[in-house]
Amino acid sequence: MGRFSSLIYMGAMMVVVVAAWVPTAQAATVPCGKAANDDADLTGAWAGLESACPCKRAKAGSWRKDRASFMECARGFADDAVARGAIRPACRNDLVRVARQSTCSRKKGTVTCCKVSKSGAHFCSVTRRAKSCRPNRRRYAEVGTTGVCIDACENVAAPACFVDSECDDGNPCTDDACTAGACENVLDPSCRPGGESGGGSGGTSCTGKGASTHGLSSLEQDLAKLIRNYHKGTMTTCASLSRAAQDHANDMRDRKYYAHKGKNGSEFWERDCKAGYTNGCGPKTWMGEIITGWASTAQGAFQMWKNSPGHNALMKEKNYHVMGIGHACGGPLGHYWVVDFAGANESSCK
């Protein structure tokens, strides 16, 4: 047995009289999505709804009215789809929900926002602005590539990661980050195997051991530029001071300590003297040293010193005219930075 139903559907300036034979078995209260053809039927019904109730861009001053008209049309079409047997009665609200979770006739700038929970479940919502699509308590969020939640997230690739630890490649010199669901493994330019004798880039070995460098890596050059601009005086880099600074950075990393005084009891001016800076023997000129750890970027190290009154004063001291920079990665702190300052520019600085 079954029933015969008729519906007069009014919308979009038309009157449609429809009739359909709805088998009683299909009218059973089986939840939508549980019957074999539900997904395909809903997809087809949505295509028909978009044709009958165009998903147009709302007018700037009347989007609320446009949106209300769209939803009224969508509800009428859903009733019609049930009456025609295009979808089961249990799926009527699902079709309306698809229309509700769309950007159709909404305010300009509205987007669909796909999110993934800690359990890996996908969620979709409508957000007024793209920049408001944020993870919050969920672990991943991205603007959907369509204006409809039913398929927006299907067009977004599954995230490769959720947290930074999932991107760890075991290299202590790599900044491992999970950004927008994708791993970024940015190699510290100063950390490439080889050093001076191994044919590398002249930086510190990624194994945690390495020869001293005479030149400056790109990260060290970045720091030199930051300090030079901040000092606002005559400040140039010095090869001998850089050699001493690099030695101390390596030593702190390799021997697992953090201090101005070396494990052998050396003071910074003594290390500068040993590295060839003759005015450090005594010393015979203004000299100073700043160190820090943890910072993976030149900007991070610079900011730590700038926020410390004592270190900040050393970077701005007008009696300093040359500096040497050393950076080592690895060890307990991950990164070690050393800057040696001096007042005299001598031949060993070339």
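The values are calculated or read from the model by the stated rules, or taken from the named source; none is laboratory data. Just so we're clear, the structure is a prediction, and the values are computed from it rather than from any experiment. Please note: Cβ atoms are built from the backbone with ideal geometry, for glycine as well, and neighbour counts cover all protein chains shown. Calculation scope for accessible area: heavy atoms of the full protein, side chains included, ligands and nucleic acids excluded. Shrake-Rupley method; radii C 1.70, N 1.55, O 1.52, S 1.80 Å.
The table below lists the values:
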quantity	calculated
Meets criteria (more than 26 Å from A45 (Cα to Cα) and touching a residue at least 12 places away in the same chain (Cβ under 8 Å)) for A141	yes
Count of residues meeting criterion [in a helix (DSSP H, G or I) and surrounded by fewer than 22 Cβ atoms within 10 Å (Cβ to Cβ)] in region 274-307	7
Filter pass, S105 being at negative phi, of a type in the set (S, T, N, Q) and modelled with pLDDT under 90	no
Region 247-273, residues that are over 34 Å from the mean Cα position of the chain (by Cα), open to solvent by less than 40 Å² (accessible area, probe 1.4 Å) and not hydrophobic (A, V, I, L, M, F, W, C)	G262, G265, S266, R271, D272
Residues satisfying the stated conditions in region 57-79, i.e. in contact with a Phe, Trp or Tyr (Cβ under 8 Å, 6 or more places away or on another chain) and closer than 22 Å to D151 by Cβ	F77
Residue in region 48-57 that is open to solvent by 20 Å² or more (accessible area, probe 1.4 Å), farther than 22 Å from K108 by Cβ and not in a helix (DSSP H, G or I) present	no
Residues that are touching a residue at least 40 places away in the same chain (Cβ under 8 Å), under 17 Å from G85 (Cβ atoms), open to solvent by less than 70 Å² (accessible area, probe 1.4 Å) and outside any helix (DSSP H, G or I), drawn from region 26-47	V30, C32, A35
Any hit, region 67-81, residues being over 43 Å from the mean Cα position of the chain (by Cα) and among the aliphatic types (A, V, I, L, M)	yes
Hits in region 89-122 - residues which are within 15 Å of F70 (Cα to Cα) and in a loop (DSSP other than H, G, I, E, B)	Q101, T103, C104, S105, R106, K107
Looking only at region 107-135, and only at residues there that are open to solvent by 40 Å² or more (accessible area, probe 1.4 Å) and in contact with a strand residue (DSSP E or B) (Cβ under 7 Å, 6 or more places away or on another chain), the one that is farthest from P31 (Cα to Cα)	A130
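Listed here are the residues, each with its yes/no results for (1) closer than 24 Å to F123 by Cβ; (2) modelled with pLDDT under 90.
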| position | (1), (2) |
| --- | --- |
| C32 | yes, yes |
| N37 | no, yes |
| L42 | yes, yes |
| W46 | yes, yes |
| R57 | no, yes |
| F77 | no, no |
| G85 | no, no |
| R88 | no, no |
